[in-house]
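Colleague: The structure's right below; bear with me while I get my questions together.
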Amino acid sequence: MEQENDFPNFPPECHSLLCKYLSKEIFDALKDKQTRYGFRLTDAIHSGVVNIDSGIGVYAGDKESYFTFAALFDPIIQDYHGFDPVDKHVSNLDPDDLDAPNPDPEGEYILSTRIRVGRNVANLPLGPAISKAQRNRLEKDLSDALMTLKGTLAGTYYPLKGMSEGIRSQLIEDHFLFKTGDRFLEAAGLNRDWPEGRGIFHNDEKTFLVWINEEDQLRIISMQQGGDIKEVFTRLTTAIGEIEKKVQFSYSQHLGYITSCPTNLGTAMRASVHIALPKLAKDMETFKAITDKYHLQIRGIHGEHSESEGGVYDISNRRRLGVTEVQCVQDMHDGVVALIEKEKSL
Ligand code: ADP
Ligand code: CIR
């Protein structure tokens with residue numbers, strides 16, 4: 001990943017957190033540093049330099065990147081998460097602490113619920129800096145570990161390499177599998193050697209799924225039709241516990257679970273519903289006032305950087321670091337209750 005070592009020239013239309021916080025002084029102070037895996041500042045910022053429409057624009061190559069390049073990552077983390085360099089992250093994955101009765105028992109608004117966490121394996125580089133051999137080895141170790149899961153979590157691993165185009169595009173269309181060719185990940189070095197080393201594990205019902213070696217080494221996912229958020233969270237936390245018996249995750253007292261994108265640090269959790277809000281969709285100001293109040297993010301129904309279709313949105317927690325997993329899901333639940341109440345009144 002050799003690149004020029006000059007201060008990048010961001011055009012005026014660039015509003016990423018990278019261009020907001022990468023001053024010439026910080027660039028000069030960090031440009032000659034590298035982590036033990038050889039990850040450099042130019043590698044960390046390449047995605048945001050190439051994609052000037054990035055919201056964030058940086059990725060970490062390893063846990064150490066967050067500390068070696070703290071002069072850049074800290075203000076970005078502070079801005080996105082409202083989390084200070086002295087703060088400590090606290091985890092709580094206990095479903096008993098969640099107060100989340102189904103906000104839509106009649107099934108009029110919520111189509112489906114999905115909660116995912118990102119995880120990476122301790123003492124290895126993250127995706128942007130991992131070697132092909134390390135990635136392939138990891139695919140084998142992780143898929144072997146997953147294949148030992150029992151009961152409702154039991155399933156099969158499907159490598160991306162060799163998967164038929166029909167099956168692959170159907171899995172994406174049905175919201176189970178990651179897409180190919182994301183230009184942000186591409187520029188971060190996360191798509192190297194694609195599709196080798198990548199794949200998806202899932203149970204028969206496709207309610208428990210694990211993506212291997214996409215943006216993070218593991219994306220552990222629990223999903224189902226309807227709005228039973230607690231059931232989805234309980235399945236997820238059970239699965240995380242089982243996987244953690246076999247794999248040591250990368251974790252920091254300060255930053256929580258380590259992920260390649262700083263937006264995912266901490267809980268690395270995104271709890272979402274696909275929800276039909278056709279009336280609110282006509283009044284985006286009111287819609288956004290509610291999502292802001294409950295710290296929620298609005299995405300389109302084919303995930304990040306996609307559009308809504310037919311008034312159906314992906315609504316998820318925006319905060320991930322410095323709040324517990326239970327709080328992330330609670331934010332989503334409480335916000336969804338408020339959104340449904342508003343939609344009904346219109
Ligand atoms: P991630 O959530 O893993 O960060 P994306 O935003 O790209 O990444 O979403 C991944 C996939 O999960 C997409 O196909 C998206 O439509 C799907 N998805 C997200 N939330 C839900 C949901 N509540 N129900 C069904 N599918 C969902
Ligand atoms: C950006 O900066 O807009 C992209 N790098 C995506 C950032 C957040 N999303 C993510 O990590 N999936």
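The values are calculated or read from the model by the stated rules, or taken from the named source; none is laboratory data. What you see is a predicted model; the values in this text were computed from it and never measured. FYI the Cβ positions are ideal-geometry reconstructions off the backbone, even for glycines, and counts take in every protein chain you see. Keep in mind that these areas ignore ligands, DNA and RNA; they rest on the heavy atoms of the full protein, side chains included. Shrake-Rupley method; radii C 1.70, N 1.55, O 1.52, S 1.80 Å.
Colleague: Placing unit charges on C-beta atoms (Lys and Arg positive, Asp and Glu negative, everything else neutral), compute the dipole magnitude of the chain about its Cα centre in debye, rounded to 20.
Modeller: 680
Colleague: Within the stretch 50-65, find all residues whose amide N lies under 19 Å from a label point positioned 7 Å from the Cα of H302 along Cα-to-beta-carbon.
Modeller: none
Colleague: Let me know the charge dipole size of the stretch 288-346 about its Cα centre in debye, to the nearest 20, where only the beta-carbon of Lys, Arg (+1) and Asp, Glu (-1) is charged.
Modeller: 200
Colleague: Moving on to the next point. Name the residue farthest towards the positive end of the dipole of the stretch 95-345 from the options I130, S164, A281, assuming +1 on Cβ of Lys and Arg, -1 on Cβ of Asp and Glu, about the Cα centre.
Modeller: Selected residue: I130.
Colleague: Using a 1.4 angstrom probe and counting only protein chains, how large is the accessible area of E139 in Å², to 10?
Modeller: Only protein atoms counted, so the area is about 30 Å².
Colleague: For G197, what residues show an amide H to amide H distance below 5 Å, using hydrogens built from the backbone and excluding near sequence neighbours?
Modeller: Here K161 satisfy the definition.
Colleague: Ok, one more. Report M284's accessible area, 1.4 Å probe, all protein chains in place, as a number in Å² to the nearest 10.
Modeller: Spelled out: M284, probe radius 1.4 Å, area about 70 Å².
Colleague: Further, regarding this structure: Cα centroid distance between the stretch 149-222 and the stretch 229-243, in Å?
Modeller: Computed from Cα coordinates, the inter-centre distance equals 19 Å.
Colleague: Go through the stretch 21-26 residue by residue and turn each phi into a ³J(HN,Hα) via Karplus (6.51, -1.76, 1.60, θ = phi - 60°); whole Hz please, and just put x for glycine and proline.
Modeller: 10, 8, 7, 4, 5, 5
Colleague: While we're on this one: Please list, in chain and number order, the residues 5+ apart from K63 or on another chain whose amide H is under 5 Å from its amide H, with Hs placed from the backbone.
Modeller: L126
Colleague: Which whole-Hz ³J(HN,Hα) couplings does the stretch 328-344 yield from phi under the Karplus relation 6.51 cos²θ - 1.76 cosθ + 1.60, θ = phi - 60°, glycine and proline marked x?
Modeller: Coupling constants for the stretch 328-344: 4, 6, 4, 3, 5, 4, 5, x, 5, 4, 5, 5, 5, 4, 5, 4, 5 Hz.
Colleague: Could you work out how far the C-alpha centroid of the stretch 12-34 sits from that of the stretch 73-114, in angstrom?
Modeller: Centre-to-centre distance over Cα atoms comes out at 29 Å.
Colleague: For the chain, modelled as a Gaussian network with Cα springs under 10 Å, which listed residue fluctuates most, F201, F176, F67?
Modeller: F67
Colleague: Under unit Cβ charges (Lys, Arg +1; Asp, Glu -1), what dipole magnitude, rounded to 20 debye, does the stretch 1-40 have relative to its Cα centre?
Modeller: In total the dipole reaches around 240 debye.
Colleague: Report, by chain and number, residues whose modeled amide H sits under 5 Å from the one on N92, excluding near sequence neighbours (fewer than 5 apart, same chain).
Modeller: Result for N92 returns E325, V326.
Colleague: Rank these residues by their accessible area, most exposed first, probe 1.4 Å: T267, T207.
Modeller: Sorted by accessible area, descending: T207, T267.
Colleague: While we're here: Given the Cα-Cα distance of Q248 and D32 and 0.36 nm per residue of separation, how much length would full extension add, in nm?
Modeller: 74.6 nm
Colleague: Turning to a different aspect of this structure: Quick one: Karplus J couplings for the stretch 201-211, per residue in order, coefficients 6.51, -1.76, 1.60, θ = phi - 60°, nearest Hz, x for Gly and Pro?
Modeller: 10, 8, 7, 4, 6, 6, 9, 10, 9, 9, 8
Colleague: Hand me the trypsin sites (Lys or Arg not before Pro) from the stretch 1-78 located in a DSSP loop with no more than 16 other Cβ atoms within 10 Å, in residue order please.
Modeller: K31, K33, R36
Colleague: What do you get for GluC sites (Glu not before Pro) in the stretch 291-337 restricted to DSSP loop and a cutoff of at most 11 other Cβ within 10 Å of the site's Cβ?
Modeller: Here the sparse-neighbourhood loop sites are E307.
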